Amino acid sequence: MIEKTRYPLGKTAKRILELRGYNSSLTNTEIASIIGVTRAWVGFVLRREGLLPTGRPKLVRYCPVCGHEARARSRFCSDECEATSNQHQRDSHRIWLQCDACGRWFQRLLSEYKKSLKANSKYTFCDNRCQGRWLGLTYGNGGIARTTATSRRKA
C-alpha cells in the first residue's frame, strides 16, 4: 500500500500515509486527531511525500430567487436578485389597515401592529394628525371655540 518514498519514514509518517491512502477525503486535522499529532506535522509529512492536502468539497450555493449558482460570499447570483429578495422581505412584513378617523387604507409594519395590540389599543390611525383629530372630536370640545367667559384667565 505504501509506495517507495524519498526519505525513510517513521511509524507516525507511515500511519499518516496509510490513513491518507485509505480515505483520501480526510483532512489534515482529522488525520492529526486520529493519530495524536499536530495538524502541521501531518501537512509537513504529506508535502514531503508530494501529496497535496485535501480540504472539504466546495459547497455550491444556489440563488433562492432564480436558482442560478450564487456568487462567492453571497446568497444571490446578482444584485438584481438580491434587490428582489429584499423588496419581498420588506413587503412580507407589512399589513394593510384602515384608519379609524379618515377611512384611508395604509400599510404598517406587522411588528408595530402587534405592539399596538399588546398595548390594548382599540383604534388604528394612519398618522398623528388623524389621531389628534379623532381624539379632539371624540373627547374634546367637538371643535367649538372657547368663549371669553369660559377662558381660564380674565384680563
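What follows draws every value from the coordinates through simple rules; no lab data is involved. What you are looking at is a predicted structure, and each value in this text was computed from that prediction instead of being measured. Don't worry about glycine lacking a Cβ; one is built from the backbone with ideal geometry, like all the others, and counts go over all protein chains shown.
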Can you tell me which of D79, D100, D91 is touching a residue at least 24 places away in the same chain (Cβ under 8 Å) and acidic (D, E)? D100
First in region 121-132 and farther than 16 Å from I95 by Cβ, second anywhere and of a type in the set (A, V, I, L, M), Cβ under 6 Å, 6 or more apart: C130/A101
Of these, S78, S33, which one is closer than 30 Å to L19 by Cβ and not β-branched (V, I, T)? S33
